[in-house]
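Below is one structure, written out as structure tokens; comments come after it.
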């Protein structure tokens, strides 16, 4: 069935930080900001989605209630770290199918300190898959395995990964919503505490709390509110591919999903002017830019090293600091990416604004075992 | 040492459905997986639906006890409640069994962390998953075939 593009009418987010705000307070702040940004009211929203991973049952419903949004279906949506973008994808598919005109999507998470738990509580340790019971696969481990393979096959170096981290922290220093706006030198990044070789601490996204919200609507409905709409024109969700020869531990088949999303939007990687991608750990930038088609396979390291992903580069990547500097409230991150692309396309990104016109962008939001690619245009 | 402690404990598998522990000292440890009747691809641990072609007819098979390191990481920080948390840094390796190319994630034991490499040949070796006064539960791990990269005496 053909899918139709939808409009990103409004976005809003809280600052990402370590604090005592509860999920409803954060969701309310981001949701209100998105409604105001869109120029709509609670009564205009016909469907609601909430991305969250480890919060209470009913979190989304509590947030929508706090926003005064009544009598509509609200659904919580969990795809690990890709929850919020999947919520937006669901909303887009329903709007596209004519099931509603306008939807609000909220992503929210309060994060504990330390390694993101892969398994939550441990009811029956003895029954765990062995690799989990051993602790063989903390989250940085999956990226580390992909990174080490990339190094062995393509000559990528730790310096390449550190460069991606250094750029992320530098971009984040220009973003008032980033949790960790500090700038680090290459030496500081490479000499920071080893986590899962070759990944060091400053190549890791930190845990913090935050919320982001997005109002999506049909192109017809958008005409009431704006003459300059930003479209979500292509999207595709995915799970990992199977390749016996090359069993890369990718969360989803980004290359396949990107081809689908670009095709739906009628665009290609060469048309993109901004990219937000899932650098839960800095090697992610190098791995994902190849799959999104910005450089040939294996050349991501030199591509980043040469500055092509800088704000002033060929394809600016993670202009707001990405997960590494903004931090990673896991159920919220995908909509933070949507917001940044929207701000860049509107030309309102302040000190981190891309200096050339931004009329198209792409995001890749990856969660454990699934992810989404989305393409935007003006 | 008391007579009790001296007693040979019974060795059993922590995951009997896909790892077999020999009943005699000269027997061998085995990985048990499945092979698709339609396309021939093999999997560990056993799958009932083929990841390649989607067929649901699978044979139970004994897999190779040798493989190569597809990739690896040296883990410095893992979940504190997990078995290897006290053994950091340790090597976590993604291993392709050869020749089947079924792959698994395993603890690469005994290997010098400065000498681990993508493509390194490895072989099956057991580790102690848990222990009580009567039994030792064992699980599958791997070690380098080349003993020159082993640490110390090849022990923990």
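What follows is calculated from the coordinates using simple rules that are stated; it is not laboratory data. None of these values were measured; they are calculated from a predicted model. Note: ideal-geometry Cβ built from the backbone for every residue, glycine included; neighbour counts use all protein chains shown.
Over the whole of A:150-156, what's the average partner chain Cβ count within 10 Å per residue? Rounded to a whole number, please.
Partner-chain Cβ atoms within 10 Å, mean over residues of A:150-156: 2.
Averaged over its residues, how many other protein chain Cβ atoms are within 10 Å of peptide B:77-90's Cβ atoms?
Numbers: counts 13, 11, 14, 3, 7, 13, 8, 4, 3, 1, 2, 3, 3, 3.
Neighbouring Cβ atoms belonging to other protein chains average 6 per residue here.
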Inter-part distance where segment A:28-51 and segment B:76-102 are each reduced to a Cα centre, Å: 45
Inverse of mean 1/r across different Cα pairs in segment A:31-148, Kirkwood, Å: 16.5
In Å and from the alpha-carbon atoms only, list the Rg and Dmax of segment A:310-373. 11.9, 36
Given axes a ≥ b ≥ c from the Cα gyration tensor, I'd like to know whether segment A:187-278 is rounded (a/c under 1.5), prolate (a/b larger than b/c) or oblate. oblate
Any chance you could give the angle, 0 to 90 degrees and rounded to 10, that helix A:333-346 forms with the longest Cα principal axis of chain A? 70
Largest-first principal axis extents, alpha carbons of segment A:111-242, Å: 56, 43, 33
Distribution of pairwise C-alpha distances over segment A:265-323, 10 Å bins, in %: 24, 62, 13, 0
Given a cut-off of under 8 Å on Cα pairs at least six residues apart, what relative contact order in percent is computed for segment A:31-135? 30
Whole-number D in µm²/s for segment A:243-378 (Stokes-Einstein; Kirkwood sum over Cα pairs; 4 °C, 1.567 mPa s): 87
Ignore the peptide's own chain and count Cβ atoms of other chains within 10 Å of each Cβ in A:137-144; give me the average, rounded. 5
Whole Å is fine, so just give me how far the alpha carbon centre of segment A:352-378 lies from that of segment A:189-221. 14
Tilt relative to chain A, helix A:83-96 - C-alpha long axis, 0 to 90 degrees, to 10: 40
Rounded if a/c is under 1.5, else prolate if a/b is larger than b/c, else oblate: which is segment B:84-156, with a ≥ b ≥ c the root eigenvalues of its Cα gyration tensor? oblate
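Run the numbers on chain A and let me know its relative contact order in percent, using alpha-carbon pairs under 8 Å that are six or more apart.
RCO, chain A: 26 percent.
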Where only C-alpha atoms are counted, convex hull volume of chain A per residue in Å³: 133
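Just to check, using Stokes-Einstein with a Kirkwood Rh over alpha carbon pairs, what's the diffusion coefficient of segment A:64-105 at 20 °C and 1.002 mPa s in µm²/s?
Answer, rounded: 192 µm²/s.
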If you fit an axis through the alpha-carbon atoms of helix A:23-38 and take the longest principal axis of the Cα set of chain A, what angle between them do you get, 0 to 90°, nearest 10? 60
Could you tell me whether chain B comes out rounded, prolate or oblate from its Cα gyration tensor? Rule is a ≥ b ≥ c as square roots of the eigenvalues, rounded for a/c under 1.5, then prolate if a/b exceeds b/c, otherwise oblate. oblate
